[in-house]
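The values are calculated or read from the model by the stated rules, or taken from the named source; none is laboratory data. Note that the structure is a prediction, hence the values are computed from the model and not measured. Neighbour counts are summed over all protein chains in view; Cβ atoms, including those assigned to glycine, are modelled from backbone coordinates with ideal geometry.
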Amino acid sequence: MAALCLITLANVVVRYLTDESFAWTEEFSVFLLVLTTMAGAAAAALRDSHVRIEFLLVASDGRRRRGLALFGAVLSACFFLALAVLTGRMAWDDFRYAEISMGLGIPRWWYTGWVPVLSLVIAGRVLGFLRAMRRGQ
């Protein structure tokens, strides 16, 4: 996060002083923002603190609360598995067609390849939580 802030600050200062922009800073900032978001989602999955409607969860009894938690975990796992498949296809296309980034001129799959990997990590954490919930832990 600190690197993201420093890179963005440098771009703003240079843009303000010279009316020019460093394209590589924007490119790298987007990559760091996606990486930070996925790391935050992985931490939220580990702690079972994803966004949800707490009103329905708190207003229900123990059995219904457990069922809602299981349902949410299943939906989260399905979402992140689908995200891994779709972004994996995108990263494969970037690799196969030798796409390069506009700012730095490096292969785009260096950026896009992290999203399916981290999506699988998050799905694994959600499935671990789901397994623990089914066992009653």
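Data overview
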read-out: Residue that is exposed (fewer than 15 other Cβ atoms within 10 Å of the Cβ) and modelled with pLDDT of 85 or more, where the choices are GLY72, GLY40; value: GLY40
read-out: Matching option when the condition is surrounded by 13 or more Cβ atoms within 10 Å (Cβ to Cβ) and touching a strand residue (DSSP E or B) at 6+ places or on another chain (Cβ under 8 Å), among GLU26, GLU99; value: GLU99
read-out: VAL34 being β-branched (Val, Ile, Thr) and surrounded by fewer than 15 Cβ atoms within 10 Å (Cβ to Cβ); value: no
read-out: Output for region 43-68, where each listed residue is surrounded by 14 or more Cβ atoms within 10 Å (Cβ to Cβ) and either free of Cβ contacts under 8 Å to residues at least 12 places away in the same chain or at positive phi (or both); value: ALA44, ASP48, ARG65
read-out: Test: residue in region 77-89 that is in contact with a helix residue (DSSP H, G or I) (Cβ under 9 Å, 6 or more places away or on another chain), at pLDDT 95 or above, under 19 Å from GLY40 (Cα atoms) and among the β-branched types (Val, Ile, Thr); value: yes
